[in-house]
Each structure stands twice: as C-alpha cells, then as structure tokens.
1. Within the bounds of the range 227-238, is there any residue that is touching a residue at least 24 places away in the same chain (Cβ under 8 Å) and over 27 Å from residue 359 (Cβ atoms)?
2. Looking at 312, 317, which is the one that is out of contact with any Lys or Arg (no Cβ under 8 Å at 6 or more places or on another chain), outside the structural domain of residue 75 (by TED's automatic domain parsing), outside any strand (DSSP E or B) and open to solvent by 30 Å² or more (accessible area, probe 1.4 Å)?
3. Look through the range 186-211, keep the residues that are under 22 Å from residue 438 (Cα atoms) and among the hydroxyl-bearing types (Ser, Thr, Tyr), and return whichever of them is farthest from the ligand (Cβ to nearest atom).
4. Just one of the numbered conditions (1) surrounded by fewer than 15 Cβ atoms within 10 Å (Cβ to Cβ); (2) under 25 Å from residue 139 (Cβ atoms); (3) modelled with pLDDT under 95 is not true of residue 99; which one?
5. Quick one: which residue in 410, 343, 415 is within 30 Å of residue 96 (Cα to Cα), free of Cβ contacts under 8 Å to residues at least 60 places away in the same chain and more than 14 Å from the ligand (Cβ to nearest atom)?
6. Right, residue 257: among the aliphatic types (A, V, I, L, M), open to solvent by less than 10 Å² (accessible area, probe 1.4 Å), under 21 Å from residue 78 (Cα atoms) and not in a loop (DSSP other than H, G, I, E, B) or not?
7. Only one of (1) more than 16 Å from residue 266 (Cα to Cα); (2) part of a loop (DSSP other than H, G, I, E, B); (3) in contact with a helix residue (DSSP H, G or I) (Cβ under 9 Å, 6 or more places away or on another chain); (4) in the same structural domain as residue 351 (by TED's automatic domain parsing) is not met by residue 397, so which one is it?
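The values are calculated or read from the model by the stated rules, or taken from the named source; none is laboratory data. The shown structure was predicted, so the numbers you read here are calculated from the model rather than taken from an experiment. Here Cβ is always computed from backbone atoms with ideal geometry, including for glycine, and neighbour counts include all displayed protein chains. Side chains included, ligands, DNA and RNA excluded: accessible areas come from the protein's heavy atoms. Shrake-Rupley method; radii C 1.70, N 1.55, O 1.52, S 1.80 Å.
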Amino acid sequence: MSPGAAPAPTDADAGTGRPGAAAVAGAVAAARRAQPAWEALGFAGRKRVLDAWRVLILRRADELADLIGRETGKTPDDARLEVVLVADHLRWAAAHAARVLRRRRVPAGMLMVNQSATLAYRPLGVIGVIGPWNYPAFIPIGPVSAALAGGNTVVLKPSELTPATGRWLAATLAEAAPGQDLLQVVAGDGDTGAELCRSGVDKISFTGSSATGRKVMAACAETLTPVVIEGGGKDAMVVAADADLEAAADAAVWAAMSNAGQTCVGLERVYVVREAAERFLELVTAKAAALRTGDRPDADLGPIVLPRQVEVIRGHVRDALARGARALLGGEHSFAPPYVAPVVLADVPEDSTALTQETFGPVLVVNTVGSVEEAVELVNAGSYGLGASVFTRDRAAGRSVAGRLRAGMVSVNAVIAFAGIPALPFGGVGDSGFGRVHGADGLREFTRTQAVTSQLFRPPLRPTSFSRTPGTMRALVRMMRAVHGRR
Ligand code: NDP
C-alpha cells in the first residue's frame, strides 16, 4: 500500500456486510507495523519529520486553502486562517513533546526513600482520529500532531464531505517521511467511523456532534477502547455594564457569523447587562447587517454545508419567534438554501430550542439580564460546556467570572482566542464531551502513563516483607509521627 493511502473498499467489505471493514483493517495493520520504528526515532527524530511536514504544508499553503475552500465552501480567508492554525499547532506539538512527555524523576517520599521513582508517558500505539467537515484540517491536526509527536501512528477517518483534505495531509506527511505509513486515511461515511471504533486501535479521538459522540462511545465500549469526545457547543458571551461595547459587538458578530456559524466554538448566545443592552444590540445589528452572504467572491458568509442543517437552523429561528422573541435582523426571509444570511434575535425564552440546542448556523441570540451573576447562572444552566467569553473593562473581574463559568475554555475581552494558542488544552464538559486536544494535556491524552521505581539500596526497615517484626512496624509509626505527626 502506498504511504498515506488506504486501500479502496473491496468486495471483502460487502462480504462482511460491514462497509469499510477491509479498508479500516488494512490501514490499522499498516499503522501498527509502522509504529515501533516511529517510536524508536525518539523525540528529536520525530520532531525533525514533523518540522519537515510543517514546512511542506506552509510551502503549499495556497493548495491546502483551495482544497479546504472547495470541500467546505468556506471563504478563502477562513480557509487561510485554518492553514495558519494547522501549521502553528503542528509546530507546538513537535517542539514541546519531549519536555512534556519525557521520563522524569519524582520525589520518592520518606517511606520509600530507598527507591528512585520515575514516570514516563509512553505511546499508546495506533490512534484512530474521526474528524468533522467544518475544519477538515485544523480539527484533525490537534490529535494527529499530538499522537505522532508522542510516538503513535494514526488512522484518520475524515468526514465523508472532506476526504480530499484528509488525504492531502497524509500525502504531504508521506512526502516528508517516505515509506513510513505514519498517517493512514480511511475515507467513508459513519459506518467506516464505527468500524474504526471497533478495529482494535488503542484510542479514538472523536470530534463531531454530541449525538454521534454517544454512538462512538457506545461502539468503543465493546472493546474497551478509550475515547476523547470533542462534541458540540452552545457558546455564550457575558457582556458587563462597563464593557467596551464596540469591541464586544465586533467580537460577537465575528464569533457568531464567521464560517457561516458552523464552528464548534462559534458564539450562539449573549447575555448583556441591562445598562449596556440597547447600545450593544444596535452595534451588533449594524455590524451583522453589513455582512455579505452568498457565492460572490467577496462574501463574508458561505453556504451551510449540510443541507439538513438548514432546517435545524430554520426550526430554531421559528421556535424563538413563535415564543415571542424579537428579530432584530433577518428571520424567515434570511433562508435561501444553501445560504443563510445573519439572524440576530433578542428576548428569546430560555427554553426555546434556539437556546437549548446547538444551532450551528449564523444565528445570534442576545438576551438582556439584570446582572453579571444572572448571566453566569444562565450560561451554566445549559447542557453544553465548550467555550465562553466575557467582556468587561475590569480584567480581574473578567477572570473571576471566567472561573465561575462551566466551560472548558474562556476568553476575556476576546473570542475563541484559546483555540489559537497551541499551549492551551481544548475541550469541554457536559454534552460538549471530555478529554483534551492541544497543549500538554493534549499530548498526554495519547500516551499511557508508566510509573517505574528502581531500588537504590536495601532499606533498614522492611515493612513489606514477611520478615518484618512488630518492632519494625512500631519503629515505622514512630518515624511517621516524628516527621508528619504535627501540622
Ligand atoms: P458528525 O457528528 O455528523 O460527524 C463527525 C464525524 O463522525 C464524521 O467523520 C462522521 O462521518 C463520523 N461519524 C458519523 N457517524 C458515526 C458513527 N456511528 N461512528 C463513528 N463515526 C461516525 O459531525 P459533523 O461532521 O456534522 O460536524 C459538526 C459537529 O461537530 C458540530 O456539532 C460541531 O459542534 C462539532 N464540532 C466539535 C468540535 C470540538 O472540538 N468540540 C470542533 C468542530 C466541530 P461522516 O461525516 O462521513 O458521516
């Protein structure tokens, strides 16, 4: 099999009745064969390969951006931003894997003073990565780069909507590391993803909707395969009375409308304190109204990629309006599939689907609250807990609010800033999933922690031997009291 390319589905698949079975099995087997040599390269050797891959990606940045644009319909600038993020995250994982994962000594403590204690983060083996279509390069590169930097090999199942971007990543890595089969791609639909879950890989990193995440977890349970679930979100912004409203509105419109709202950490709801509400709503509405939607070259919003998603978005807008919400911009007339122009809604009841479910479209709900405390309560009442943001001129207060939000990531006076910082872990709580990609936690996610002790000398007291005497244990208790018996 040529590097980076998984075998095409064959009759064998039909024979098992399981689509993608042969392709997945072949890719996992090749990745498993390749893993020991890759691990043996060590951190420095792997860094050289990953750095070469990054350089190649940047050299061909336009090619990758074009491909992403073609597969997802996103605007050229959104696609370029994705390529830049890919390169930076890949650079970080390669540069920091040794520091985060190398073997280290830890204090052995008084009881085991005769031992040298070390811990190491060993590769798991083969990692299965299942990715969504909305950021077909940036999302997979998180787990792929961390897994590779840690000494694993990877089988990637991209969304059926974006197989070429996945193949492009594998092909460029194969060019940087000829004949090594480090990254295999299995193209196919959800059945192929399910097959990867059952294929015997050592861990699955899933990014997609929470509903699919539940299926992935159930499939992985059959083989006790561990999982990272990066699910959907319903990200919120809290706007305090003292906020820079111009900056908050600019950030809110960007976070809600870029990529036509099809971003897991896209902004879907704002809670603005009453004193600031009128001006904030004016600013948000004006900025969103200025955006261009459609297939024109200068468009700010491209299409809604999944046709069925248009109906989800429409359903949320209808539900909100039927329950008495005000449409400050757009409404039913914003829908011209596959395009949806920006919609801004105010006074949306908290039990409307526009506030309880992920909309994944260019719809922003802005509700007015009496205080920042009330905003925090409403943000935390949701079932998702991915990203959030807070706008206030008082940075200390902003950090305090951030600490009280039930979200995996929070930006103060910015939006989505955490996603652009490769050193920060990315992931959520609740329906948004668990586990982390990016940062040191993301590197450790694809390793098994191994604790090793090595005896330095024979201890004078031996409490873990049948040769111990009551005197041994009395001496031990006396010693413990002397050292740790006082506060
Ligand atoms: P889906 O959940 O529909 O699909 C995600 C991936 O899972 C795709 O590759 C899909 O394949 C595959 N898949 C589908 N069914 C199964 C199955 N039974 N077993 C294994 N794999 C399966 O998500 P979308 O692609 O539509 O992406 C949008 C969603 O992703 C949104 O909810 C968004 O919030 C979330 N997301 C979360 C992020 C995060 O980091 N938390 C980041 C980006 C997106 P196929 O496409 O071929 O059906």
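1. Filtering the range 227-238 for residues touching a residue at least 24 places away in the same chain (Cβ under 8 Å) gives 227-238.
If we keep only those that are over 27 Å from residue 359 (Cβ atoms) too, we end up with none.
Scanning the range 227-238, I find no residue that is touching a residue at least 24 places away in the same chain (Cβ under 8 Å) and over 27 Å from residue 359 (Cβ atoms), so the answer is no.
2. Values: 317 fails: open to solvent by 30 Å² or more (accessible area, probe 1.4 Å).
Result: 312 is the single residue among 312, 317 that is out of contact with any Lys or Arg (no Cβ under 8 Å at 6 or more places or on another chain), outside the structural domain of residue 75 (by TED's automatic domain parsing), outside any strand (DSSP E or B) and open to solvent by 30 Å² or more (accessible area, probe 1.4 Å).
3. 205
4. (3)
5. Numbers: 343 fails: within 30 Å of residue 96 (Cα to Cα); 415 fails: free of Cβ contacts under 8 Å to residues at least 60 places away in the same chain.
Answer to the check: 410.
6. It is true that residue 257 is among the aliphatic types (A, V, I, L, M), open to solvent by less than 10 Å² (accessible area, probe 1.4 Å), under 21 Å from residue 78 (Cα atoms) and not in a loop (DSSP other than H, G, I, E, B).
7. (2)
Results for (1) within 28 Å of residue 212 (Cα to Cα); (2) surrounded by fewer than 20 Cβ atoms within 10 Å (Cβ to Cβ), shown as yes or no for each residue.
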| position | (1), (2) |
| --- | --- |
| 421 | yes, yes |
| 429 | yes, yes |
| 447 | yes, no |
| 456 | no, yes |
| 461 | no, yes |
| 464 | no, yes |
| 469 | no, yes |
